[in-house]
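Q: The structure follows.
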Amino acid sequence: MHRNGSLFNHGHLRDHLHKNLEKITQAVDAWDTEKLLSTPEADIIEELTNDFRIVVPSLDLEGVEIEPLKESYGVVEHYGDSFRVRQNTITLLIPYTGDRVVFTLRPNTYTEPAPQGTVTDTEVTVIWTGHNTDQDFVRRALDAKLNEITKWLGWGRGEINGYNQQAEQVIPQRVQARKQAVLASRNLEASLGFPIRKRMDAQTYEVPLVRKKIKTKPAQPSADASFEPEPVLADADYEEALRVLKNARNQLERSPSLLRFSVRGDVMAVS
């Protein structure tokens, strides 16, 4: 059996959003340093932005269903007398999309009492109980409950939109600051003049020392007799060259002051 409770009544939305902004720095600091340096900055920012973005719930009013009507008895007071009357309980099941937490937090603008209902990860449950059997009356009562929830979500939307915009500004700043701090530490490490003990994960980022000989083949001549074929790089060799350059880039980011690049013929050597 569903139990009706208060929505938007388990904390203040403002406080929740403020704490979320404070957690951004902790989330950036939690990234592994090697992963931080080897992952494109745009990808890191996108992942964190998705993690911290809050989506205001949207009720799917076209998908609302009701549970089978239940009958019970209630007590009605009338001019000091108590009467036991038959009443109906109607349970609305309202699908929604968005973040569940918004249903639990009170926005800056609100009215008393808060809307009644319960919420899961996929739907909101609202209950109406009464002895009135007039169809129009009951439907208006149910619509009023739905409109009240929608109104409260609207009050929180402005606060949440402002928070999302602020998070989108803070996250790139924190990522860039941490990456610069890590690179500064690596440069310091390399400049001290002591050999650096090889880390267990270093093999992942090393540039292969075995040079692959790249062969070129002439391109197919066209029907034009004056055409002179030019050497072209095979697809596999092209991909191999890109792989070597990528590994070299990763190694440079880890210890830029220890690397020297030289060009020998058609290959790049790293020492």
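The values are calculated or read from the model by the stated rules, or taken from the named source; none is laboratory data. Just so we're clear, the structure is a prediction, and the values are computed from it rather than from any experiment. Cβ: placed from backbone, ideal geometry, glycine included. Neighbour counts: every protein chain shown.
Q: Test GLY98 against the stated conditions and say whether it is loosely packed, with under 12 Cβ neighbours inside 10 Å, at pLDDT 90 or above and either in contact with a Pro (Cβ under 8 Å, 6 or more places away or on another chain) or not assigned by TED's automatic domain parsing to the domain that holds ALA141 (or both). Walk me through how you get there before you give the answer.
A: Values: loosely packed, with under 12 Cβ neighbours inside 10 Å: no; at pLDDT 90 or above: yes; either in contact with a Pro (Cβ under 8 Å, 6 or more places away or on another chain) or not assigned by TED's automatic domain parsing to the domain that holds ALA141 (or both): yes.
No; evaluated as a whole, the condition is false for this residue.
Q: Residue by residue through the range 2-38, note down the ones that are in a loop (DSSP other than H, G, I, E, B) and under 20 Å from the mean Cα position of the chain (by Cα). Please lay out each step first, then the result.
A: If we filter the range 2-38 for residues that are in a loop (DSSP other than H, G, I, E, B), which is where we start, we get 2-5, 7-11, 30-32.
Within the range 2-38, ALA30, TRP31, ASP32 qualify.
Q: Only one of these is touching a Pro at 6+ places or on another chain (Cβ under 7 Å) and not hydrophobic (A, V, I, L, M, F, W, C): ASP29, ASP60. Name it. Write out each step before concluding.
A: Values: ASP29 fails: touching a Pro at 6+ places or on another chain (Cβ under 7 Å).
From the options ASP29, ASP60, the qualifying one is ASP60.
Q: Would it be correct to say that GLU77 is of a type outside the set (Gly, Ala, Ser) and either in contact with a strand residue (DSSP E or B) (Cβ under 6 Å, 6 or more places away or on another chain) or surrounded by 11 or more Cβ atoms within 10 Å (Cβ to Cβ) (or both)?
A: On the way: of a type outside the set (Gly, Ala, Ser): yes; either in contact with a strand residue (DSSP E or B) (Cβ under 6 Å, 6 or more places away or on another chain) or surrounded by 11 or more Cβ atoms within 10 Å (Cβ to Cβ) (or both): no.
Considered against the rule, which asks whether it is of a type outside the set (Gly, Ala, Ser) and either in contact with a strand residue (DSSP E or B) (Cβ under 6 Å, 6 or more places away or on another chain) or surrounded by 11 or more Cβ atoms within 10 Å (Cβ to Cβ) (or both), GLU77 comes out as no.
Q: Next question, about the same structure. List pairs: first residue in the range 51-72 and without any contact (Cβ under 8 Å) to a residue 24 or more places away in the chain and assigned to a strand (DSSP E or B), second residue polar (S, T, N, Q) and surrounded by 12 or more Cβ atoms within 10 Å (Cβ to Cβ) anywhere in the structure, Cβ distance under 7 angstrom, at least six positions apart or on different chains.
A: LYS70/THR89; GLU71/ASN88
Q: Examine the range 149-170 for a residue that is assigned to a loop (DSSP other than H, G, I, E, B), closer than 26 Å to ARG14 by Cβ and either assigned by TED's automatic domain parsing to the domain that holds PRO95 or of a type in the set (S, T, N, Q) (or both), and state whether such a residue exists. Spell out the reasoning first.
A: Going through the range 149-170, the residues assigned to a loop (DSSP other than H, G, I, E, B) turn out to be none.
No, the range 149-170 contains no residue that is assigned to a loop (DSSP other than H, G, I, E, B), closer than 26 Å to ARG14 by Cβ and either assigned by TED's automatic domain parsing to the domain that holds PRO95 or of a type in the set (S, T, N, Q) (or both).
Q: Right, next: Filter the range 1-32 down to the residues that are crowded, with 16+ Cβ neighbours inside 10 Å and β-branched (Val, Ile, Thr), then identify the one that is farthest from ASP121 (Cα to Cα).
A: VAL28
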